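Asker: Dropping the structure in here first, questions after.
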Amino acid sequence: MQLDHIAVSGESLEEAAETIESALGVAMQPGGRHEVFGTHNRLLGLDAGLYIEAIAIDPSAPRPKRARWFDLDHFVGLPRLTNWICRSEDLIAALSHLPQAGNPVNLVRGNLAWTMAVPQDGGLPFNNLHPALIQWQSPHPSVVLTQCSCALRQLIVIHPEALALQRMLTPVFDDPRVSFENGAPGLVAEIDTPHGLRYLH
């Protein structure tokens, strides 16, 4: 598996996007709507084929028939970095190692098509700090995003059982940009920007 993108959730998309823009000093780009989950997003391209996603419940969309991904049904409070997403060229094989990541759901948004593993209740293990798993069926979104001279330096996954999560992932994931620390649950992204090193958390 490879690191694909990171997600900042908010009670509204405007708040989530503003949090990213304020932290990094660069403008978000348009995203779209996810009809299956009743959410919408905006994106920000990073170097090395990564991107940041701002995501929230779409108030204009009907309530979905299933729990929303990223545990958004239970999201409250200020916008924050909530999820990291890893891609696989064979999602079914990845799920044979990490079945707790959920069940495959096929999704389409404009010219993008992908399959995402989503738990039945929408929430991932380890207080949602287990990576979400994705397999792209279309070209990756990063190829159409305008680059903003931002690059992920380090993603720190913090959890009381962070080392157990790391051991669980080691057979299928190894990226020096992702580190694990014991502590209160959370994510911290160190990002190089045109304005210097900035942080998302």
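Values quoted throughout were computed directly from the atomic coordinates according to the rules given, and no laboratory measurement underlies them. Note that the structure is predicted; figures quoted are calculated from it, not measured. Reconstructed Cβ throughout: ideal geometry from the backbone, glycine too, with neighbour counts over all protein chains shown.
Asker: Take every Cα pair under 8 Å in the chain that's 6+ residues apart, average their separations, divide by the length, and report that relative contact order as a whole percent.
Answerer: Relative contact order for the chain comes out at 23 percent.
Asker: What's the ranking of 108-118, 60-70, 37-47 by average number of surrounding C-beta atoms within 10 Å, highest first?
Answerer: Final packing ranking: 37-47, 108-118, 60-70.
Asker: Which shape class applies to the chain: rounded if a/c is under 1.5, otherwise prolate when a/b exceeds b/c and oblate if not, where a ≥ b ≥ c are the square roots of the Cα gyration tensor eigenvalues? The partial results should precede the final answer.
Answerer: Details: a/c = 1.26, a/b = 1.03, b/c = 1.23.
Judged from the Cα gyration tensor, the chain comes out rounded (a/c under 1.5).
Asker: Suppose only helical runs count, i.e. DSSP H with n ≥ 4. What mean residue ellipticity at 222 nm does that imply for the chain under -39500 (n - 2.57) per run, divided by all residues and rounded to the nearest 500 deg cm²/dmol? Don't jump to the answer; show the numbers that get you there.
Answerer: Values: 4 runs with 31 residues, N = 201.
Here the helix-only value at 222 nm equals -4000 deg cm²/dmol.
Asker: Need one word for segment 33-140: rounded, prolate or oblate. Basis is the Cα gyration tensor (sqrt eigenvalues a ≥ b ≥ c); a/c below 1.5 gives rounded, then a/b vs b/c decides.
Answerer: Since a/c stays below 1.5, the shape of segment 33-140 is classed as rounded.
Asker: Considering only DSSP beta bridges where both residues belong to the chain, give the percentage that are antiparallel (nearest 5).
Answerer: The antiparallel fraction comes to roughly 75 percent.
Asker: Shifting gears a bit: Pairs of alpha-carbon atoms within less than 8 angstrom and 6+ residues apart define the contacts here; what relative contact order does segment 22-137 have, in percent? Walk me through the numbers on the way to the answer.
Answerer: Details: 197 pairs, mean separation 26.7, N = 116.
Worked out over segment 22-137, it gives 23 percent.
Asker: Using DSSP to call loops (not H, G, I, E or B), can you name the trypsin sites (Lys or Arg not before Pro) in segment 127-201 whose Cβ has at most 16 other Cβ atoms within 10 angstrom?
Answerer: Passing sites in segment 127-201 are ARG177.
Asker: Tell me which of ALA67, THR170, LEU187 sits at the most positive position along the dipole axis of the chain, charges placed on C-beta atoms (Lys, Arg +1; Asp, Glu -1).
Answerer: Positive-most Cα among the choices belongs to ALA67.
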